[in-house]
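Presented below is the structure to which this report refers.
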Amino acid sequence: MATAGDSQQLHDEAVTAYHKAMETADRSDRIAHFKQAYGIFHTLATRHPGNTELYIDAGNAALGAADFAHAALAYKRALMIEPMNKQAQSNLAYIQSVQGERSANNAQLLSNTFFLNEHISRDTRLLIAAILFALAMFLFIPWFPKGRRITASLAIFPMALWGWMLAGAFFEPESHEAIVMDEVFLKTADNAGASNVSTMPLEPGFTVQILKTYNNWVQIQTSSGETGWLQNSAIEPVQREII
């Protein structure tokens, strides 16, 4: 079993490799040091899956090595823990801008708007829901008999928001995002001999939505709305347990 001392030693080694990469002028050596740093940070993040900073450090090292796939995956996992982390958001947006990805398809955008998936955590939604419920109860109490109807009517608004927040907290759609790990063509069917959906392959680091799986194949949808099939080995789910 890994100890805190072991983790600290590994972290120091990763930081040292990262600094060597930053100080190295030779491109090949720089990438090699970044890859070394990524490998160690990734190991640490796997050991401590709730640590946002380790995922961001891993993403930064992968990005330094021009490994968009592992960088995007690390930033996505960091944002699952801390949705409002500015560094992860900014670096992921940079990767997507380089690849020309669209931000989201309309269905995903609607889901994010209703459930506030990327803006407010579940715990924060529950806290806001509790405050809204308390406010609604306060307005229902007839503090001033003459204005009871008015205050009772006003209570409708916090109660509606209370229901909305609870819906987002308890019925939030499960994330089925994945990252494309290799340059690969999207297929029209779940076999290697099927025709390609497009003449252009999907690039490493591209974000897709998993629709369903079948044997060693997975049907996905891109952010531009294209659907097709890829082999499982071509992608890595942001949530490891999905496939």
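The values are calculated or read from the model by the stated rules, or taken from the named source; none is laboratory data. Keep in mind it's a predicted model, so treat the numbers as computed, not measured. Neighbour counts are summed over all protein chains in view; Cβ atoms, including those assigned to glycine, are modelled from backbone coordinates with ideal geometry. When the accessible area is computed, the model is the full protein with side chains, heavy atoms only, and any ligands, DNA or RNA have been set aside. Shrake-Rupley method; radii C 1.70, N 1.55, O 1.52, S 1.80 Å.
Which order do you get for Tyr75, Tyr18, Tyr214 if you rank them by accessible area with a 1.4 Å probe, largest at the top?
Details: Tyr75 0, Tyr18 60, Tyr214 125 Å².
I get Tyr214, Tyr18, Tyr75, largest accessible area first.
Dipole magnitude of the stretch 1-92 about its Cα centre, charges +1 at Lys/Arg Cβ and -1 at Asp/Glu Cβ only, in debye to the nearest 20? Before the final figure, lay out the partial values.
Numbers: 8 positive and 10 negative charges, 61 e Å.
Here the stretch 1-92 has a charge dipole of around 300 debye.
So between Asn216 and Thr124, what do we pick up on full extension, going 0.36 nm a residue minus the alpha carbon distance? Walk me through the intermediate numbers first.
Values: separation 92, 0.36 × 92 = 33.12 nm, distance 3.83 nm.
Full-extension gain reported as 29.3 nm.
Expressed in nm to one decimal, what extension gain is obtained for the pair Leu154 and Asn191 from 0.36 nm per residue of sequence separation less their Cα-Cα distance? Could you put the intermediate results ahead of the total?
On the way: separation 37, 0.36 × 37 = 13.32 nm, distance 5.86 nm.
Computed gain between Leu154 and Asn191 is 7.5 nm.
Under the classification rounded if a/c is under 1.5, otherwise prolate if a/b is larger than b/c and oblate if not, where does the stretch 1-87 fall, given a ≥ b ≥ c as square roots of the Cα gyration tensor eigenvalues? Walk me through the numbers on the way to the answer.
On the way: a/c = 2.26, a/b = 1.21, b/c = 1.87.
Oblate.
What list of ³J(HN,Hα) values in whole Hz, one per residue of the stretch 27-40 in order, does the Karplus curve 6.51 cos²θ - 1.76 cosθ + 1.60 (θ = phi - 60°) give from phi, with Gly and Pro shown as x?
5, 4, 5, 4, 5, 4, 5, 4, 5, 4, 4, 4, x, 6
On a 1.4 Å probe surface of the protein chains, which of Ile150, Ile31 comes out largest in accessible area, and what is the full order? Working shown, then result.
On the way: Ile150 115, Ile31 30 Å².
I get Ile150, Ile31, largest accessible area first.
From largest accessible area down, sort Phe185, Phe138; use a 1.4 Å probe on the protein chains. Present the calculation step by step, with values, prior to reporting the outcome.
Working: Phe185 80, Phe138 110 Å².
Listed by decreasing accessible area, they come as Phe138, Phe185.
Would you mind calculating the gained length between Tyr94 and His11 on full extension (0.36 nm times residue separation, minus the Cα-Cα distance), in nm to one decimal? Numbers along the way, then the final one.
Values: separation 83, 0.36 × 83 = 29.88 nm, distance 2.58 nm.
My answer for the length gained is 27.3 nm.
Could I have the simple spin-label model distance between Ser28 and Glu183, label points 7 Å from Cα toward Cβ, reported in nm to one decimal?
Distance between the two pseudo-spin positions: 2.1 nm.
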